[in-house]
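Participant: I have a structure I would like to understand better, so I am pasting it below and will then ask my questions one at a time.
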Amino acid sequence: MTVNSIGVVGAGQMGNGIAHVMALAGYDVVLNDINEDALKRAVDLIERNMDRQVSRDKITQDARDQAMARIVTTNDLPQVAKTDLIIEAATEEETIKQKIFDSLLPHLADHTILTSNTSSISITRLASRTDRPEKFMGFHFMNPVPVMQLVELIRGIATDKETYDTCLGVVEKLGKTAASAEDFPAFIVNRILMPMINEAVYTLYEGVGNVNSIDQSMKLGANHPMGPLELADFIGLDTCLAIMNVLHDGLADTKYRPCPLLTKYVEAGWLGRKTQRGFYDYRGETPVPTR
C-alpha cells in the first residue's frame, strides 16, 4: 500500500514532532486537536524548529517552505479519517485513545491504517475495539521526534504483514530506524527505561542521594546524556507514572511498583518541565533541584 497522507491526532509534544517529520518527508499532514490554541502553538513550534534546522544547514529554506505548506490543521476529527495512515498521539490514557478511535471509525476509508503512538498500552486491546484489527499497530516515536532516530513498531496479535510492511516503509522514508517489538506492556524502550527512572526516584525517596548527586552519578558514572530525574521531568512525571502503572498492572510483578514519591509529585501537579516544577524547579534562569 502507498501512503501519501498522514493524519495526526493530538497536537502536543509528540503530535507536533510527528507532523514535523512527516511533512519534511513529503507526506501531506492533517494535524488535529480539540483545542484550537494547541493547534496554533503546534504550528508555531514546528515553524521555529524548522527555521532552526535551516539555520544549521540541516534542511534548505525551500524544503522548509514546502513542508509547512503540506501541514493542514483542523478541529474536525472526520477530516483526519480521509488520510491513508492515522497516528493517534493523544494523552497516555486508554479511555481517551479508545474514544478517539471510536469517533474515527464511521468516517474511515477501507484502506486506512490506524496506529497509536502509545508508549505502553496494549495494541491488541486498542485494536480489538475497531473494525480493522489487522490494519492496526503501534507506531511509537521517541521524544523529541525530529531528533531521535528510533521508532518502535508494535504488532498486535491480529496485525497483518501488509500493515507492518507499510509502516516500516514510512519509517524508512523518514530516515529513521525501526525496532520491531512484541505487544507486551511498555514494549522495549520503556520496559527498560521507566524502571530505571522509578529506581532513581526510590533512591531519592530513601535518602540514598539527592537530586543533584543521583543525576550527576548517572551522567558522569554511566555516561548518560541526561540524569534519570532530569529525564523524568523532560518526559513528564504523569507519563512516567502512567507507564509504571501499566507495567505493574500488566506484569503483576512488585519490582514495577511506582515509587510513592513519584505518585506524590504527580498528585501535587509537579509534572516536570511542562508545569515548571518537578524534580527541578524551572521558574528561574537555571533549574534548581526541589529535593
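Read the figures in this text as sums done on the coordinates, not as results from a lab. Everything quoted here is computed from the prediction, not taken from an experiment. Cβ: placed from backbone, ideal geometry, glycine included. Neighbour counts: every protein chain shown.
Participant: If we sort 61-67, 30-36, 212-218, 228-234 on the protection proxy, mean other Cβ atoms within 10 Å, highest first, what's the order? It would help to have the intermediate numbers written out before the result.
Facilitator: Working: 61-67: 15.0, 30-36: 20.3, 212-218: 17.9, 228-234: 24.7.
In decreasing order of mean packing, 61-67, 30-36, 212-218, 228-234 become 228-234, 30-36, 212-218, 61-67.
Participant: Here is a further query. To the nearest 10 degrees, how steeply does helix 94-104 sit against the main Cα axis of the chain, on a 0 to 90 scale?
Facilitator: Tilt of helix 94-104: around 10 degrees.
Participant: What's the magnitude of the charge dipole for region 5-181 around its Cα centre, counting Lys and Arg as +1 and Asp and Glu as -1 at the beta-carbon? Answer in Debye, nearest 20. Write down the numbers at each step before the final one.
Facilitator: Values: 19 positive and 25 negative charges, 64 e Å.
For this selection, approximately 300 debye.
Participant: Let me ask something else about it. Which log10 I(q)/I(0) values does region 7-77 give at q = 0.28 Å⁻¹ under the Debye formula, counting every alpha carbon as one identical point scatterer?
Facilitator: For region 7-77 at q = 0.28 Å⁻¹, log10 I(q)/I(0) is -1.27.
Participant: Restricting things to alpha carbons, tell me how big region 222-291 is in terms of Rg and Dmax, in Å.
Facilitator: Looking at region 222-291, its Cα Rg and Dmax stand at 12.9, 42 Å.
Participant: Enumerate the aspartates and glutamates that Lys58 could reach by cross-link, defined here as Cα to Cα under 16 Å, with residues fewer than 8 away along the same chain left out.
Facilitator: Excluding near neighbours in sequence, the set is Glu47.
Participant: Arranged by the count of other C-beta atoms within 10 angstrom, fewest first, what order do Ser122, Ser116, Ser103 take?
Facilitator: Numbers: Ser122 20, Ser116 27, Ser103 14.
Ranking Ser122, Ser116, Ser103 by Cβ neighbours within 10 Å, fewest first, gives Ser103, Ser122, Ser116.
Participant: Report the per residue volume, in Å³, of the convex hull enclosing the C-alpha atoms of region 51-151.
Facilitator: Details: hull volume 12.3 nm³, N = 101.
Taking the convex hull of the Cα positions in region 51-151, it is 122 Å³ per residue.
Participant: Order these by the 10 Å Cβ neighbour count, fewest first: Met137, Met14.
Facilitator: Values: Met137 27, Met14 23.
Ascending number of Cβ neighbours within 10 Å: Met14, Met137.
Participant: When Tyr265, Tyr205, Tyr27 are ordered from fewest to most other Cβ atoms inside 10 Å of their Cβ, what list results?
Facilitator: Numbers: Tyr265 26, Tyr205 14, Tyr27 22.
Listed from fewest to most nearby Cβ atoms, that is Tyr205, Tyr27, Tyr265.
Participant: Can you bin every Cα-Cα distance in region 5-181 into 10 Å intervals starting at zero and give me the percent of pairs per bin, rounded to whole numbers?
Facilitator: 11, 42, 36, 10, 1
Participant: Given the -39500 (n - 2.57) contribution per DSSP H run of 4+ residues, what per-residue ellipticity at 222 nm results for the chain, rounded to the nearest 500 deg cm²/dmol?
Facilitator: Details: 12 runs with 135 residues, N = 291.
Value at 222 nm, helices only: -14000 deg cm²/dmol.
Participant: To continue, here is another question. List the lysines whose Cα sits under 18 Å from the Cα of Lys274, skipping any in the same chain fewer than 8 residues away.
Facilitator: Correct list for Lys274: Lys40, Lys264.
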